[in-house]
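The values are calculated or read from the model by the stated rules, or taken from the named source; none is laboratory data. Just so it is clear, the structure is predicted and the values come from calculations on it, not from any experiment. Using ideal geometry, Cβ is built from the backbone for each residue, glycine included, and neighbour counts are taken over all protein chains shown.
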Amino acid sequence: MSTVETAAPAGRPALPTERVRELITPEGIDLRLKLAEVSERTTAFFIDAAIIVGVLVGMTLLSIAAMISTGFQSTGITQIIWLLAAFFLRNFYFMAFELTPRGATPGKRAVGLRVATRNGEPLGFDAIFARNAMREIELFLPMSFLFVYGREAGIWGALAGTIWCAVFVFFPFFNRDRLRIGDFVAGTWVIHAPRRALELDLASGERAAGLTITQAEADVYGVKELSVLEEVLRRKDEATMQAVAARIRAKIKRSKAQGETDRAFLEAYYLALRTKLEGRLLFGHRRRDKHDKA
Amino acid sequence: MQELTLKSHRFRKERETEWRRLEDLLARAERSSAAALSDDEIIALPVLYRSALSSLSVARAISLDQALIAYLESLCTRAYFFVYGTRTTFAKRIAAFFRRDWPRAAQDLWLETLIAVAVMALGAAVAYMLVMRDSTWFYSFVSPGLAGGRGPAAATEELRSTLFSDEESGLSIFATFLFTHNAQIALFAFALGFAFCLPAAFLVLTNGMMLGAFVALFASRGLGIEFGGWLFIHGTTELFAIALAGAAGFRLGWTLAFPGQRSRVDAMSAAGRKAAIVMTGVVIMLGVAGALEGVGRQVLTDTGLRYAIGAFALLFWLLYLYLPRMEESDEHG
């Protein structure tokens, strides 16, 4: 297990740890899982819902077409197919996709999420069934209440029902791990597992001639500023790079040389700063940010 | 000469091909299944995974390249879930479910099942007595849509014809409808159990009341035996399934209220998974009941045969689920 993060002084964490959860693999490495935000899960759900509704509408049109084309001879078989498909879509769409090795529905894949058990065990069918069967009270009960029974129940009944349903719907907002009731019952959670491409190492670029950053100039920032600089360089936004370059030049009291581009300067500075900080890291000291003078 | 001194850069250059190979294997395995990989690749994958983990650990210690660490974290997480994911095939999981998981889970819920049966019987008894005394009570227990013309106002001959009618047009449509409708209700009963058992108990109770009201209606016209056959052929399977669904719901609600020795979160996930196994079985049972009701009942109009099939089905479920069996090794499936 890496102790670098824990070596940082308490109080000011080096990472936004609020959403990071520990998962120690049997090899003893902490994978630092990142929990999905409620907003991301909502997006994923709406993608899935759109797919389900789309398939249902398509199927309805198809079965109507089939009935018309056969002169209403085959209504029976089309009805059966429709009924079964609607039932399986509603109940087993999520289960079937979560059973695959990716552990995610198309909507979750699109957002880069997956389902996993909270204790790191393999995700079994029982857990998937439990978490999805609970959708009955999280989604279908409130919906049927809103659209069907709510009208019959009168105002106070409707109000009481709405509050009761709201407990289930807003459950994820009231716990630390953003669990919905299905996750709570099944012992699962939803985490980030995006496919990430290996990006170019910024230290591998050609260095512009005549751009030398001295040790003293590199010695003003820490890891936090380095990662900001990395982000700026990867985003390649001209205006931001110009502003950041100006800030750094002012900080190290260096004027812009003839024919020197902001990008080249930032790349050179990034390399110098990273070399400096990684050198210190190898000797056991991680300079967190510019205030960390030790 | 800067590049030579930047150790993290050299580290990345040395290991990069391995990471890319792992990424490629994972992408292929995730797209279809582990079967998409050759034997050599299957053997290589855990090795590459461990090497990527060690890279991650080194990178966290020596590299300040955020993108690289993020890449390795995502790669290792994906590989972890693949390497330590479920290793059995789908067919084996299904076999294990029928052979071991389902009966074991049902046996574990025996007390809840008994309670659910008792609640259902209570509902049936109350409704039976009320309808026997005053037939207008029937309408309080059965919604008009479900009664479908069968009510105290109907003539005895009409009632008799509903039991033996063979003019039901699409038998299989009817069966399908019954299955999806009942399965939805069962799933609902299970999920409702979460709210401290009460809504699930209510659902089971109303089911029993409906049953009692119908029995009373037909019995008061001297059609009790025939109605019994009509009901028995699928009812043993269906009502048993609904009792099991209620039991699964009770387990959830009870555990939420009284988690026992373990923390509430742990107890809930154990209860939820066990109940989910039972519920999977319930959906299967309701499929069988739908077939018996939609097809079997319409084809077989002999009351004795109907009783025989219903009794056989009940016996089968009881023996299958509760017959003690040898304890098998608990392989993970």
Taking the residues in region A:203-262 that are away from chain B (no Cβ under 14 Å) and basic (Lys, Arg) as candidates, determine which candidate is farthest from residue B:60 (Cα to Cα). A:256
Among residues of region A:84-135, those that are closer than 26 Å to residue A:30 by Cα, among the hydrophobic types (A, V, I, L, M, F, W, C) and surrounded by fewer than 18 Cβ atoms within 10 Å (Cβ to Cβ), counted: 1
What do you reckon, is residue B:297 away from chain A (no Cβ under 14 Å) and not in a helix (DSSP H, G or I)? no
Tally, over region B:254-294, of residues that are of a type in the set (Val, Ile, Thr) and more than 30 Å from residue B:305 (Cβ to Cβ): 5
Please go through region A:28-65 and pick out each residue that is farther than 15 Å from residue A:111 by Cα and either surrounded by 15 or more Cβ atoms within 10 Å (Cβ to Cβ) or touching a strand residue (DSSP E or B) at 6+ places or on another chain (Cβ under 7 Å) (or both). A:29, A:30, A:31, A:32, A:33, A:52, A:56, A:59, A:63
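Suppose the filter is within 25 Å of residue A:26 (Cβ to Cβ) and either assigned by TED's automatic domain parsing to the domain that holds residue A:46 or not in a helix (DSSP H, G or I) (or both); does residue A:139 pass it? I'd like the intermediate steps shown before the answer.
Details: within 25 Å of residue A:26 (Cβ to Cβ): no; either assigned by TED's automatic domain parsing to the domain that holds residue A:46 or not in a helix (DSSP H, G or I) (or both): yes.
In short, no.
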Search result, residues across region B:182-225 that are farther than 23 Å from residue B:306 by Cα, part of a helix (DSSP H, G or I) and not aliphatic (A, V, I, L, M): B:184, B:188, B:190, B:199, B:202, B:206
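Taking region B:85-139, which residues are in a loop (DSSP other than H, G, I, E, B) and of a type outside the set (Lys, Arg)? It would help to see each step written out before you state the result.
Let us first name the residues in region B:85-139 that are in a loop (DSSP other than H, G, I, E, B), namely B:85-89, B:109, B:134.
Passing the criteria: B:85, B:86, B:88, B:89, B:109, B:134.
Please state which one of A:133, A:193 is closer than 30 Å to residue A:233 by Cα, facing another protein chain (nearest Cβ under 7 Å) and of a type in the set (A, V, I, L, M, F, W, C).
Numbers: A:133 fails: closer than 30 Å to residue A:233 by Cα.
A:193 is the lone residue from the list that is closer than 30 Å to residue A:233 by Cα, facing another protein chain (nearest Cβ under 7 Å) and of a type in the set (A, V, I, L, M, F, W, C).
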Residue A:274 modelled with pLDDT of 85 or more and loosely packed, with under 13 Cβ neighbours inside 10 Å: no
Among B:295, B:278, B:288, B:299, the single one that is closer than 30 Å to residue B:90 by Cβ, in contact (Cβ under 8 Å) with a residue 12 or more places away in the chain and surrounded by fewer than 17 Cβ atoms within 10 Å (Cβ to Cβ) is B:295
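For the condition free of Cβ contacts under 8 Å to residues at least 24 places away in the same chain and not β-branched (Val, Ile, Thr), what is the one hit in A:287, A:235? If you could, list the steps in order and put the result at the bottom.
Details: A:287 fails: free of Cβ contacts under 8 Å to residues at least 24 places away in the same chain.
When all the criteria are applied, what remains is A:235.
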Can you confirm whether region B:3-21 contains a residue that is surrounded by 15 or more Cβ atoms within 10 Å (Cβ to Cβ), outside any helix (DSSP H, G or I) and over 33 Å from the mean Cα position of the chain (by Cα)? yes
Just to be sure I understand, how many residues within region B:60-70 are assigned to a helix (DSSP H, G or I) and surrounded by 23 or more Cβ atoms within 10 Å (Cβ to Cβ)? 1
Filtering region A:277-287 for residues that are buried (at least 18 other Cβ atoms within 10 Å of the Cβ) and out of contact with any Ser or Thr (no Cβ under 8 Å at 6 or more places or on another chain) leaves a count of 4
Can you tell me which of (1) within 30 Å of the chain's Cα centre (by Cα); (2) within 11 Å of another protein chain (Cβ to nearest Cβ); (3) assigned to a helix (DSSP H, G or I) is the one residue A:53 doesn't meet? (2)
Please list, ordered by first then second residue, the pairs with beta carbon atoms under 6 Å, 6 or more apart or interchain, first in region A:145-159 and modelled with pLDDT of 70 or more, second not small (Gly, Ala, Ser). A:145/A:165
